[in-house]
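Data first, discussion second: the structure below is written as structure tokens.
The values are calculated or read from the model by the stated rules, or taken from the named source; none is laboratory data. Bear in mind that the values here come from a model prediction, so they are computed numbers and not experimental data. Cβ placement follows ideal geometry from the backbone for every residue including glycine, while neighbour counts extend to all protein chains displayed.
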Amino acid sequence: MAKLATEQLEFQEYARRWLEGNRPAPPTVRMPITPLEVMTIPQRDYLQDWQGKVYAAGLVGADYPTEYGGGGHEGFQRIANQEMGRAGTPMMINIVGLNMAAPTILVHGTEAQKKKFIPGCLSAEEIWCQGFSEPGAGSDMANQQTSADRDGDDWIINGHKVWTSLGHFAKWMILIARTSKAHKYDGLSYFLMPIEGHPGVTVRPLVKITGEAGFNEVLFEDSRVSDDCRLDDIGKGWTVAMTTLTYERGAAESAGGGGGDSTHPVQRLVNLAKESWRDGIRASDDPLTRDAIVQRAIVAEGLKQNARRARVPGLCEHPMRLPLQQKVTSSEFAQENARLGVEIAGARSTLYKLDEAAPDQGHWPLAYMNSYGHTIAAGTNEIQRNILGERVLGLPKSK
């Protein structure tokens, strides 16, 4: 690992001290596994307040230019993320704003758009959601049917978006809409769409198998948006969306903040095995269980080292291969971890999160059911494998 410069070491020490001295009180309500499952106002308020404090301390948006509300120090955000992860601080709620909207606006936005929108993304003052998926445009994202028709200096939006995480709390949406039927890809444009209380916009919760309602469907009926909210040129929506997906899939670093449980996912499996019994012995003493956990540890180390390698251009023989494959491998790693956790817990894994006797507060069945969403989001893993095969490795297209 490359040594940190003096300025970076000073920032690391500052971040460490600040986090030690400003740890928030434990939440009075149960927190979701990820920001995408935030469902209640108390959950939102707790996480939004935390992100605002961390931003004010300079630990979110550290790499962004100061004129757009950032810290202006390249390379500092990764340090802040590592320290937040080490400290086990709460997660950042504005995941769409941090990891998708802000970096996309930075690349494609006007000066006015960057100054208007990026600070609120970083501070979580304005929560964002993503309006890409539709009932008929999931994996085939270019099949967008939501329309945007020009009316003077405005656009009239009509259509239906679905699987919109955080839509019930969002003030803004990154929206793809069809501005021309002449071409499937060139007929799309990208908008920064107001959502909260905006005329013609209806947000309806969708309840998942987990019982959570953290994502939604959003309907637009003659909803008007100013042309000032169009990002990049008319017809460039597909190009802008590819920038967003590059950040969403983790193939480029953004200003996203860290945080969350500091317990290593494999250590959490070890802890579960030590507390689970079968046939009179602890699961941690069963050689098959021990071997299964070791296999997860090997994958975890591989993911860690691939992430390091991806930051060294000379070690990436195929440009973008490692960053793009991380989305596939990390989502499947989480899914396999959750599956193994359910297996280790055995019959007790049928006890859900509200049952006081549920192992690890019901984390494992909840994590397993939620894990399927992460292998679908940002393009299914099957599509991601096609991208890697065809565009990175140069393999012929599948028929």
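Table for the structure above
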{"item": "Verdict on Gly159 being among the small types (Gly, Ala, Ser), within 23 Å of Ser226 (Cβ to Cβ), at pLDDT 95 or above and not assigned by TED's automatic domain parsing to the domain that holds Val203", "result": "no"}
{"item": "Scan of the stretch 158-181 for residues that are more than 13 Å from Gly237 (Cβ to Cβ) and hydrophobic (A, V, I, L, M, F, W, C), ordered by number", "result": "Val162, Trp163, Leu166, Phe169, Ala170, Trp172, Met173"}
{"item": "Top-ranked residue in the stretch 52-94 [being of a type in the set (S, T, N, Q) and surrounded by 21 or more Cβ atoms within 10 Å (Cβ to Cβ); ranked as modelled with the highest pLDDT]", "result": "Asn94"}
{"item": "Flag for Gly257 being outside the structural domain of Val38 (by TED's automatic domain parsing), modelled with pLDDT under 90 and part of a loop (DSSP other than H, G, I, E, B)", "result": "yes"}
{"item": "Residue within the stretch 388-396 that is surrounded by 17 or more Cβ atoms within 10 Å (Cβ to Cβ) and either assigned to a helix (DSSP H, G or I) or without any contact (Cβ under 8 Å) to a residue 60 or more places away in the chain (or both) present", "result": "yes"}
{"item": "First in the stretch 203-230 and over 14 Å from Arg150 (Cβ atoms), second anywhere and acidic (Asp, Glu) and at pLDDT 90 or above, Cβ under 9 Å, 6 or more apart", "result": "Val203/Glu196; Val203/Glu217; Arg204/Glu217; Pro205/Glu217; Leu206/Glu217"}
{"item": "Some residue of the stretch 350-367 being without any contact (Cβ under 8 Å) to a residue 60 or more places away in the chain, surrounded by 15 or more Cβ atoms within 10 Å (Cβ to Cβ) and among the charged types (D, E, K, R)", "result": "no"}
{"item": "Test set (1) at pLDDT below 95; (2) touching a helix residue (DSSP H, G or I) at 6+ places or on another chain (Cβ under 6 Å) - Ala124 fails condition number", "result": "(1)"}
{"item": "Selected residue (criterion: farthest from Arg224 (Cα to Cα)) from residues of the stretch 116-153 that are among the hydroxyl-bearing types (Ser, Thr, Tyr) and surrounded by fewer than 18 Cβ atoms within 10 Å (Cβ to Cβ)", "result": "Ser139"}
{"item": "Residue within the stretch 138-145 that is under 23 Å from Lys208 (Cα atoms) and acidic (Asp, Glu) present", "result": "yes"}
{"item": "Strands (runs of 3 or more DSSP E) (entirely within the stretch 130-246) containing at least 1 residues that are charged (D, E, K, R)", "result": "147-151, 154-165, 172-178, 201-206, 215-226"}
{"item": "Residue count, the stretch 177-235 (criterion: in contact with a helix residue (DSSP H, G or I) (Cβ under 8 Å, 6 or more places away or on another chain) and of a type in the set (A, V, I, L, M))", "result": "6"}
{"item": "Helices (runs of 4 or more DSSP H) lying entirely in the stretch 1-109 (those with 3 or more residues that are more than 29 Å from Ile209 (Cβ to Cβ) and among the hydrophobic types (A, V, I, L, M, F, W, C))", "result": "6-21, 76-87, 102-108"}
{"item": "Residues of the stretch 261-311 classified as under 27 Å from the mean Cα position of the chain (by Cα), more than 17 Å from Gln325 (Cα to Cα) and touching a residue at least 40 places away in the same chain (Cβ under 8 Å), total", "result": "11"}
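Matching residues to (1) outside the structural domain of Asp286 (by TED's automatic domain parsing); (2) at pLDDT below 90; (3) out of contact with any helix residue (DSSP H, G or I) (no Cβ under 8 Å at 6 or more places or on another chain):
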position	(1), (2), (3)
Gln325	no, yes, no
Ile344	no, no, no
Ala347	no, yes, yes
Leu351	no, yes, no
Gln361	no, yes, yes
Pro365	no, yes, no
Gly373	no, yes, no
